[in-house]
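The values are calculated or read from the model by the stated rules, or taken from the named source; none is laboratory data. The shown structure was predicted, so the numbers you read here are calculated from the model rather than taken from an experiment. All Cβ positions, even for glycine, are placed from backbone atoms using ideal geometry, and neighbour counts span all protein chains on display.
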There are 2 protein chains.
Amino acid sequence: MRYRATLAYNGSAYWGFQRQAGESPTVQKAVEDTLKAMTGQTVTVVAAGRTDTGVHATGQVISFDLVSWSHSPDTLVKALNAHLPPDIRIRDAVEAPGFHPRFDAASRRYRYTVLCAPVADPLRAGLVWWVAHPLDLAVMQAAAAILVGTHDFATFGQPPQGDNTVREVFTSVWAQQPDPWGERYEYVVEATAFLHHQVRRMVGMMVEAGLGRLTPAEFEARFRAADLSQAKRAAPPQGLILEAVRYRD
Amino acid sequence: MRYRATLAYNGSAYWGFQRQAGESPTVQKAVEDTLKAMTGQTVTVVAAGRTDTGVHATGQVISFDLVSWSHSPDTLVKALNAHLPPDIRIRDAVEAPGFHPRFDAASRRYRYTVLCAPVADPLRAGLVWWVAHPLDLAVMQAAAAILVGTHDFATFGQPPQGDNTVREVFTSVWAQQPDPWGERYEYVVEATAFLHHQVRRMVGMMVEAGLGRLTPAEFEARFRAADLSQAKRAAPPQGLILEAVRYRD
């Protein structure tokens, strides 16, 4: 039976989602090792998105096949959470014959959090990007709006082999949220799919604009150039969360 | 010169605030060791509140004396933050001759966060108390209101030697905050001062009431008994934050 599950994790301790050679700690390895310990089966976990080292998820979607699980999916959730490390949690699971988390996905939604304050918040180390200088929200909002639509995103990343760099962005918006520590800016972006490092490179360049180091016109020119050499430094991984994956019904 | 500073820390890695015998990692030791490394002086740091192992702070207030600091307090903040571990931050510092963070304090305010959801949030492990069962907010609010005023709080803690168990509570209120993960309940309590473990024991018993294991009348009877044997299990430390200390002008 194939299962579809929603996965949440704090990526701080992991070298990204995808299993690597050897014993490198990755989220995929942790879930596969747990399933093997629970069921005795060697299981391959497939995910909707391959998050990088230090990137978090609250709505990653995975699938895996179990030959011999004779209990309910809810019992599977409880059993997995009893065995997984506390920085990885299964939120829900259902039986889903034929489901593929990557090929069936219609869109992915990420959230990036910037905390703008004179001093970093030690309670959110590893969870936000701390920026010590003031940001111009209106400039970042204008830059974000430019990214909506079907465009060539080559400035922000390279495609997987055999693919191109055109993606459709449905939502791209910055908002300020109330925060007791400083100015908290959250960027939400939803697209069909993303190039490797695309969200972090987009955020990095929008924050450059917000810091006044790049005008909105310069931001747009670099984006339209569709050339990776135009990218600015990528935003650090810890501010990024894979929040949801949407599927066709 | 005496300095007054506001301190924030993630208490997860520390055995509480107060320096202990030997090399036990405490917040006081980390700050004193940093001041010693920076100035060459052996400095004693005094705090408004001695937080327990795993308890956090965003508004702890400390004082310390420096003989030889020749730069501004703002430069002292920057220099300390450059040398302190990232889970401890100095928010601000001023010169404050004669100031004593504990004796001069008029009140302390703590916040306790309970996250009520079927599955724990791995991004907030160590920062909230995860409760898997539904809580009755109205019952917890009624219990919290009983605690306001000048009362004998012996049910919730023992006094320091030579002191009594009467304290004045100015604010004691639960509120539900919007949260994408589940029901988030935040308890804010401000009082002249607190007995050891008082906030965690109060929260533990209010949550028992919220779970339906204690009626509001039973909660009140245990509180009025002014007897530590009436306490329920203390809430775990990770949900607790020392948020502010108020001083007489």
Scan of the range A:53-68 for residues that are part of a loop (DSSP other than H, G, I, E, B) and either buried (at least 18 other Cβ atoms within 10 Å of the Cβ) or among the aromatic types (Phe, Trp, Tyr) (or both), ordered by number: A:54, A:55
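Results for (1) among the hydrophobic types (A, V, I, L, M, F, W, C); (2) within 17 Å of residue A:140 (Cα to Cα), shown as yes or no for each residue.
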site	(1), (2)
A:171	no, yes
A:174	yes, yes
A:178	no, no
A:184	no, yes
A:193	yes, no
A:196	no, no
A:199	yes, yes
A:204	no, yes
Please verify whether the range A:228-243 includes one or more residues that are buried (at least 21 other Cβ atoms within 10 Å of the Cβ), of a type in the set (S, T, N, Q) and either at pLDDT 95 or above or in contact with a Pro (Cβ under 7 Å, 6 or more places away or on another chain) (or both). yes
Would you mention how many residues in the range A:102-114 are buried (at least 18 other Cβ atoms within 10 Å of the Cβ), away from every other protein chain (no Cβ under 14 Å) and either free of Cβ contacts under 8 Å to residues at least 60 places away in the same chain or farther than 18 Å from residue A:50 by Cβ (or both)? 1
Selection count where residues are surrounded by fewer than 21 Cβ atoms within 10 Å (Cβ to Cβ) and touching a Ser or Thr at 6+ places or on another chain (Cβ under 8 Å), scope the range B:170-189: 6
Could you run through the range A:35-65 and say how many residues are more than 14 Å from chain B (Cβ to nearest Cβ) and either touching a Phe, Trp or Tyr at 6+ places or on another chain (Cβ under 7 Å) or among the β-branched types (Val, Ile, Thr) (or both)? 14
Check A:143, A:117 and return the single one that is out of contact with any Lys or Arg (no Cβ under 7 Å at 6 or more places or on another chain), touching a residue at least 12 places away in the same chain (Cβ under 8 Å) and within 14 Å of chain B (Cβ to nearest Cβ). A:117
From the list A:131, A:148, A:77, which one is out of contact with any helix residue (DSSP H, G or I) (no Cβ under 9 Å at 6 or more places or on another chain) and closer than 24 Å to residue A:209 by Cβ? A:148
Answer with yes or no whether residue B:123 is within 14 Å of chain A (Cβ to nearest Cβ), modelled with pLDDT of 95 or more, in contact with a His (Cβ under 9 Å, 6 or more places away or on another chain) and in a helix (DSSP H, G or I). yes
All but one of (1) away from every other protein chain (no Cβ under 14 Å); (2) over 30 Å from residue A:86 (Cα atoms); (3) touching a strand residue (DSSP E or B) at 6+ places or on another chain (Cβ under 7 Å) hold for residue B:185, so report the exception by its number. (2)
Looking only at the range B:86-101, count every residue that is in a loop (DSSP other than H, G, I, E, B), within 9 Å of chain A (Cβ to nearest Cβ) and touching a residue at least 40 places away in the same chain (Cβ under 8 Å) and tell me the total. 1
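Residues checked against (1) at pLDDT below 95; (2) within 20 Å of residue A:196 (Cβ to Cβ); (3) surrounded by fewer than 19 Cβ atoms within 10 Å (Cβ to Cβ):
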residue: A:20; (1), (2), (3): yes, yes, yes
residue: A:27; (1), (2), (3): no, yes, no
residue: A:33; (1), (2), (3): no, no, yes
residue: A:77; (1), (2), (3): no, no, no
Has the range A:228-246 got at least one residue that is farther than 18 Å from residue A:116 by Cα, over 13 Å from the mean Cα position of the chain (by Cα) and in a strand (DSSP E or B)? yes
